[in-house]
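Everything below concerns the one structure shown next.
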Amino acid sequence: MSLLLYNLLGIRPNGFGLEIEDSSLKAIMLKKTRKGAEVVSCAARQMKKGIIQDGQVVNKQELANEIGGLLASAKPRPIKSKFVVFSIPESKSFIRTIQIPKMTREEAVEAVKWETEANIPVSADKVYLDWQVIESKEKNEEVLVVAVPKEIADGYYESMRLAKLFPLAAEVDVIATIRSLTSEQEVKTTLIVDVGADVTSVSVCRNQIPYFTSSLPVSGKTFTDALQKGLGVSWEKAEELKAKYGLGKMQKDDMLYNIYNPLLENLAREIEKSLVFYADSIDPNSQVESIILSGGGSLLRYMADYLSKRIKGQVILGSPAKGLGISKDLPAEVVRDICPFATAVGLAMKANDCL
Ligand SMILES: Nc1ncnc2c1ncn2[C@@H]1O[C@H](COP(=O)(O)OP(=O)(O)OP(=O)(O)O)[C@@H](O)[C@H]1O
Ligand SMILES: [Mg+2]
């Protein structure tokens, strides 16, 4: 059934956002309101190893089953919508800004294809390509290109179909994160540090356009691992202590200081490297003006304060629900801990734009 028909009938179906990681799934459902949108349902689920490996779907049917379980478990009510925008991992995608001469649309399609091929290690016929002009200059156009290997995207798409879902779009995760944490009118150059369980993604954006993305190995699990080894406790206990005490007092005689300091130093240095790389190699005419922490790992208490002091610049905790309403019956802990849902919120915003 065409989407147009829904509009003709005056039916406004809601879509939802589905973030898919190697070891976790998250879903957010937004409802359009007169003021914009409101979070109405939310779900998160850990997945066992081996269903997705290194960003590639290994077992499509099992992923479909996990998605079914996730949607049924959504709070305060199950997500029954069939319309989904799902994520593709940045680590498996290619995001590039390229320059092409000004030309007709038909010529540009070919030019983007060849120019992208010259910039990525995969041939153009093996990727899905999407692009948009981000700046029109006198003779050239600056174009943002996103390329995803068909082999990768098809694995996710087929899993959606097995889960009896209707995919409206697939989106690279960092692009969705940027949408939920920054506004379209945002002219400040912003660095987003998404501290996940397995990986920390760094992106620099302006006007919601990503100009640079990279991944760091320091992540939430690295912190738990250090705590487990440092205190000689179980993984579960380390997770519990991490959530309870955060960075502790962060003074030199403090046990937590000695455990966490090398990791925080590593993270701070990588952030500094990204700032320098952006200023030197991407845009010498601008510099990063705002740093936002997101992802579950950023909930580590005092991390934002520590990084602000260490890199002598304000680091703030991202708020994916900024500008969104929150349904009154959403559980309090979901509202409090909405930070890890930044990507899922961005995908849900896209789903509502599609319908
Ligand atoms: N209150 C808290 N304090 C410290 N760490 C926390 C807290 N809550 C969650 N975390 C950590 O956040 C991490 C999970 O974050 P998130 O949900 O963003 O990861 P993910 O998206 O599943 O993983 P990835 O993006 O790496 O694939 C875990 O390492 C978890 O221990
Ligand atoms: Mg994540």
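Here is how the numbers come out for the structure above:
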{"quantity": "Virtual spin-label span in nm between residue 72 and residue 130, 7 Å along Cα→Cβ", "calculated": "3.1"}
{"quantity": "Residue-count net charge about residue 171 - beta-carbon cut-off 12 Å; Lys, Arg +1, Asp, Glu -1", "calculated": "-3"}
{"quantity": "Pairwise label distance in nanometres, residue 252 with residue 61, each label 7 Å out on the Cα-Cβ vector", "calculated": "6.1"}
{"quantity": "3J(HN,Hα) from dihedral phi, region 185-201, Karplus parametrisation 6.51/-1.76/1.60, rounded to Hz, x for glycine, proline", "calculated": "7, 5, 9, 5, 6, 10, 9, 10, 10, 9, 8, x, 6, 9, 9, 10, 9"}
{"quantity": "The chain: radius of gyration over Cα atoms, expressed as a fraction of 2.2 N^0.38 Å", "calculated": "1.01"}
{"quantity": "Bins of 5 Å from zero: percent of alpha-carbon pairs in region 135-258", "calculated": "2, 8, 12, 13, 14, 13, 13, 11, 7, 4, 2, 1, 0"}
{"quantity": "Pairs from 31/221; 35/309; 80/244; 49/164; 60/350 whose Cα-Cα separation, in the structure shown, is over 31 Å", "calculated": "31/221; 35/309; 80/244"}
{"quantity": "For residue 114, solvent-accessible area (1.4 Å; no DNA, RNA or ligand), Å²", "calculated": "140"}
{"quantity": "18 Å Cα-Cα reach of residue 312 towards aspartates and glutamates, excluding residues that sit fewer than 8 places from it in its own chain", "calculated": "265, 270, 272, 289"}
{"quantity": "Rg/Rg_ref, region 101-195, where Rg_ref = 2.2 N^0.38 Å and atoms are Cα", "calculated": "1.30"}
{"quantity": "Accessible area (Å², per residue) of the chain, counting only protein heavy atoms and a probe of 1.4 Å", "calculated": "50"}
{"quantity": "Length-normalised contact order of region 178-335 in % [C-alpha pairs under 8 Å, at least 6 apart]", "calculated": "25"}
{"quantity": "Residue-by-residue Karplus 3J(HN,Hα) for region 34-49, coefficients 6.51, -1.76, 1.60, Hz, glycine and proline x", "calculated": "5, 8, x, 8, 9, 6, 10, 8, 7, 8, 9, 8, 7, 10, 6, 4"}
{"quantity": "Most to least accessible of 229, 188 (protein chains only, probe 1.4 Å)", "calculated": "229, 188"}
{"quantity": "Accessible carbon and sulfur surface of region 200-317 relative to its total accessible area, %, 1.4 Å", "calculated": "52"}
{"quantity": "Distance cut-off 25 Å, percentage of C-alpha pairs in region 250-355 lying past it", "calculated": "39"}
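The values are calculated or read from the model by the stated rules, or taken from the named source; none is laboratory data. Quick caveat: nothing in here was measured; it's all calculated off a predicted structure. Cβ sites come from the backbone with ideal geometry, for glycine too, and all protein chains shown count toward neighbours. Ligands, DNA and RNA are excluded from the accessible area calculation, which covers all protein heavy atoms including side chains. Shrake-Rupley method; radii C 1.70, N 1.55, O 1.52, S 1.80 Å.
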